[in-house]
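Trainee: Sharing a structure, written as structure tokens. Questions coming.
The values are calculated or read from the model by the stated rules, or taken from the named source; none is laboratory data. Only a predicted model underlies this, so the values are computations on that prediction, with no experimental measurement involved. Reconstructed Cβ throughout: ideal geometry from the backbone, glycine too, with neighbour counts over all protein chains shown.
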């Protein structure tokens, strides 16, 4: 059985380019063939600022939006966060979503496809990696970094990857598969 990969569109901002970039990566994940690949849009969950009365570790969720989000997070064996950088950090929507649940994240690998200005979103990724380790997620070194992302968008809103983006994505997918398989015994214990 192939591990389930969720490519997560992390920004919920109107006018975002995340769906175009995530769509490109998702297609590569499907072509890779090593995953049961799914494209997940954080905006579809419409999560308010964390509104659960109980600590996420208890999994005593009160709200339908939390239960739906927990089910989605739990279903995955690995994640790719497609994320911009907002003010040297991750988008608030991603931080909020990470904080909603706890056990559902545990013992899974994560890679990043980041985009932004000159930094390509790397500063936001670094902060997100710190959050992920607290959730017992293994953030990988392999990533796709897209600096000056506007130069890679076509007039119709599609993403135009370079050879470097394609190579980086394939490398990240190979490592995600290795780590998802290596961590499987911890997820099933």
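Okay, residues lined up against (1) surrounded by fewer than 18 Cβ atoms within 10 Å (Cβ to Cβ); (2) at pLDDT 95 or above; (3) in contact with a helix residue (DSSP H, G or I) (Cβ under 9 Å, 6 or more places away or on another chain); (4) at positive phi:
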position	(1), (2), (3), (4)
4	yes, yes, yes, no
7	no, yes, yes, no
12	no, yes, yes, no
15	yes, no, no, yes
20	no, yes, no, no
24	no, yes, yes, no
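Trainee: Follow-up. Can you tell me which residue is surrounded by the most Cβ atoms within 10 Å (Cβ to Cβ) among those in the stretch 26-36 that are in contact with a strand residue (DSSP E or B) (Cβ under 6 Å, 6 or more places away or on another chain) and part of a helix (DSSP H, G or I)? I'd like the intermediate steps shown before the answer.
Mentor: Keep residues of the stretch 26-36 that are in contact with a strand residue (DSSP E or B) (Cβ under 6 Å, 6 or more places away or on another chain), which gives 26, 29-30, 35-36.
Narrowing the set further to residues that are part of a helix (DSSP H, G or I) leaves 26, 29-30.
Values: 26: 21, 29: 25, 30: 15.
Filtering the stretch 26-36 for residues that are in contact with a strand residue (DSSP E or B) (Cβ under 6 Å, 6 or more places away or on another chain) and part of a helix (DSSP H, G or I), the one surrounded by the most Cβ atoms within 10 Å (Cβ to Cβ) comes out as 29.
Trainee: I need the full set of residues from the stretch 124-139 which are within 25 Å of residue 28 (Cβ to Cβ) and without any contact (Cβ under 8 Å) to a residue 40 or more places away in the chain, in order please.
Mentor: Start the filter on the stretch 124-139 by keeping residues that are within 25 Å of residue 28 (Cβ to Cβ), which leaves 124-126, 128-129, 132, 137-139.
Once the filter is applied, which keeps residues that are within 25 Å of residue 28 (Cβ to Cβ) and without any contact (Cβ under 8 Å) to a residue 40 or more places away in the chain, the stretch 124-139 yields 126, 129, 132, 139.
Trainee: In the stretch 174-183, how many residues are in contact (Cβ under 8 Å) with a residue 60 or more places away in the chain and farther than 14 Å from residue 79 by Cα?
Mentor: Residues flagged as in contact (Cβ under 8 Å) with a residue 60 or more places away in the chain and farther than 14 Å from residue 79 by Cα within the stretch 174-183 amount to 0.
Trainee: Look through the stretch 135-171, keep the residues that are out of contact with any helix residue (DSSP H, G or I) (no Cβ under 9 Å at 6 or more places or on another chain) and closer than 17 Å to residue 81 by Cβ, and return whichever of them is surrounded by the fewest Cβ atoms within 10 Å (Cβ to Cβ).
Mentor: 171
Trainee: Then there's this: Can residue 120 be described as buried (at least 16 other Cβ atoms within 10 Å of the Cβ), outside any helix (DSSP H, G or I) and over 15 Å from the mean Cα position of the chain (by Cα)?
Mentor: Here the answer is yes, as residue 120 does meet what is asked.
Trainee: Quick one: residue 127 ticks every box in (1) in contact with a strand residue (DSSP E or B) (Cβ under 6 Å, 6 or more places away or on another chain); (2) crowded, with 18+ Cβ neighbours inside 10 Å bar one, so which box is it?
Mentor: (2)
Trainee: Name every residue in the stretch 94-109 that is touching a residue at least 40 places away in the same chain (Cβ under 8 Å) and either surrounded by 21 or more Cβ atoms within 10 Å (Cβ to Cβ) or part of a loop (DSSP other than H, G, I, E, B) (or both), in order of residue number.
Mentor: Those that are touching a residue at least 40 places away in the same chain (Cβ under 8 Å) and either surrounded by 21 or more Cβ atoms within 10 Å (Cβ to Cβ) or part of a loop (DSSP other than H, G, I, E, B) (or both): 94, 97, 100, 101, 102, 106, 107, 108, 109.
Trainee: Let me ask something additional. Working only within the stretch 140-173, note down all residues that are free of Cβ contacts under 8 Å to residues at least 40 places away in the same chain, within 30 Å of residue 74 (Cβ to Cβ) and out of contact with any strand residue (DSSP E or B) (no Cβ under 7 Å at 6 or more places or on another chain).
Mentor: The answer is 141, and nothing else.
Trainee: Before we move on, is residue 83 surrounded by 17 or more Cβ atoms within 10 Å (Cβ to Cβ) and more than 15 Å from the chain's Cα centre (by Cα)?
Mentor: Details: surrounded by 17 or more Cβ atoms within 10 Å (Cβ to Cβ): yes; more than 15 Å from the chain's Cα centre (by Cα): no.
Spelling it out, it is not the case that residue 83 is surrounded by 17 or more Cβ atoms within 10 Å (Cβ to Cβ) and more than 15 Å from the chain's Cα centre (by Cα).
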